[in-house]
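Single-structure report; data block below.
Rule-based calculations on the coordinates, nothing more; no lab input. Nothing here was measured: the structure is a model prediction, and the numbers come from that model. As a convention, Cβ positions derive from the backbone with ideal geometry for all residues, glycine included, and neighbour counts pool all protein chains shown.
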Amino acid sequence: MKAPELPIVKGVVHCPICTHSVPADVQYVGKRAKVVPGQKCARCHSALDAAALLYLQLAA
């Protein structure tokens with residue numbers, strides 16, 4: 001059997017290099033939400049692997 005695909009949603013994260021809030025894709029891993037690996041910051045082009053999640057853009 002294949003492992004189920006984890007949902008990917010849009011969110012806003014805090015870039016650790018340029019200290020700005022930038023949009024990024026966020027994936028749920030268990031109960032945690034983590035930034036999808038391999039993304040780059042839109043402002044400074046640094047890796048967002050260690051970025052802190054600020055909020056998710058979800059509609060009710």
Inset, instruction - Evaluate the following for Ala47: is it surrounded by 10 or more Cβ atoms within 10 Å (Cβ to Cβ) and aliphatic (A, V, I, L, M)? - result: yes
Legend entry - Residue check for Pro7: within 18 Å of Leu58 (Cβ to Cβ) and touching a Phe, Trp or Tyr at 6+ places or on another chain (Cβ under 8 Å): yes
Inset, instruction - Identify the residue in the range 3-33 that is under 13 Å from Asp49 (Cβ atoms), of a type outside the set (Asp, Glu) and under 9 Å from the mean Cα position of the chain (by Cα) and, among all such residues, is surrounded by the fewest Cβ atoms within 10 Å (Cβ to Cβ). - result: Gln27
